[in-house]
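First comes the structure, then the notes that go with it.
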């Protein structure tokens with residue numbers, strides 16, 4: 001099964017689960033008079049938006065390079081992930097606003113014990129979806145799918161304060177305000193995850209390189225290859241969840257062009273073999289600096 005099909009299949013499963021779950025939680029929250037559970041239902045429904053975005057975008061970012069896009073279309077995936085981040089922030093803002101407005105109301109509606117069912121179902125189903133989606137995200141090296149997996153987990157984790165709030169409100173009517181506070185806590189949690197997704201993928205669009213520690217590890221790997229005399233000007237840039245590398249490789253200046261080419265290919269294939277996120281390495285071959293007193 002190819003990468004595109006794997007992403008589509010797990011996303012369709014998540015989409016179906018989100019639709020059913022959001023309907024159940026909204027119905028339970030509505031008849032049980034729980035704003036926190038209704039807010040939790042809206043959070044689940046927001047997941048359907050990110051599912052649809054991924055289903056639409058996957059056919060574009062998995063497309064092979066062409067004349068207009070010789071480096072491929074992976075940046076589309078970062079753009080898709082940013083859209084998911086904005087969806088999360090929008091939903092979080094709406095949930096938090098409604099919760100704060102409701103806290104000012106003097107007459108709080110009495111909750112029904114049925115509201116407990118909503119968050120309980122959500123915690124179980126969404127945690128399962130998180131694990132399944134994240135597993136496929138790691139397997140396919142898809143940043144969008146990993147972001148969507150965290151979208152599932154935020155729903156699972158945000159249901160915990162909702163459950164605590166409604167149980168406390170049911171046990172003591174004087175604590176009914178906790179239902180609205182639970183909705184506000186949900187929104188704060190979603191905002192944190194949303195900004196994390198935004199910052200990560202915006203950096204990818206800006207061609208941010210990998211960390212200095214990882215670059216030093218790459219240099220160590222290269223220098224351990226036989227016939228390599230040195231490496232410098234090693235630069236990296238992220239393309240969605242992938243890495244491009246260009247570097248200057250030093251070898252014995254007396255080697256033939258063919259021998260130098262073979263060493264360059266060995267360096268390239270070694271780096272790609274050791275890290276599947278590396279999809280291309282551009283090698284500029286040079287004679288050893290000290291051999292000819294090169295600056």
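A compact table of results
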{"item": "Taking 75, 135, 126 and counting other C-beta atoms within 10 Å, the order from fewest to most", "result": "135, 75, 126"}
{"item": "Two-site FRET efficiency, residue 254 against residue 13, from Cβ-Cβ distance with R₀ of 45 Å, rounded to 0.05", "result": "0.15"}
{"item": "Net length gained if the chain between residue 66 and residue 20 were fully extended (0.36 nm per residue, minus Cα distance)", "result": "12.6 nm"}
{"item": "Extension gain (nm, one decimal) between residue 280 and residue 215, 0.36 nm per residue minus Cα-Cα", "result": "21.9 nm"}
{"item": "Hull-based mean projected area of region 36-109, where the convex hull spans the alpha carbons, in square nanometres", "result": "5.5 nm²"}
{"item": "Binned Cα-Cα distances of region 212-287, short to long, each 10 Å bin given as a whole percent", "result": "19, 57, 21, 3"}
{"item": "With 10 Å bins from 0: P(r) over region 121-261, alpha-carbon pairs, percent", "result": "10, 24, 22, 17, 12, 8, 4, 2, 0"}
{"item": "Estimated 222 nm signal from helices in the chain, with DSSP H stretches of n ≥ 4 weighted -39500 (n - 2.57), rounded to 500", "result": "-23500 deg cm²/dmol"}
{"item": "Length added when fully stretched, residue 199-residue 127, from 0.36 nm per residue minus Cα-Cα", "result": "23.5 nm"}
{"item": "Most mobile of 223, 112, 33 in a GNM of the chain (Cα contacts under 10 Å)", "result": "223"}
{"item": "Surface/4 of the Cα convex hull for region 3-205, nm²", "result": "10.6 nm²"}
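Bear in mind these aren't lab numbers, they're just calculated from the coordinates by the rules spelled out. Just so it is clear, the model here is predicted, and its values are computed rather than measured. Cβ atoms come from the backbone with ideal geometry, glycine included; neighbour counts cover every protein chain shown.
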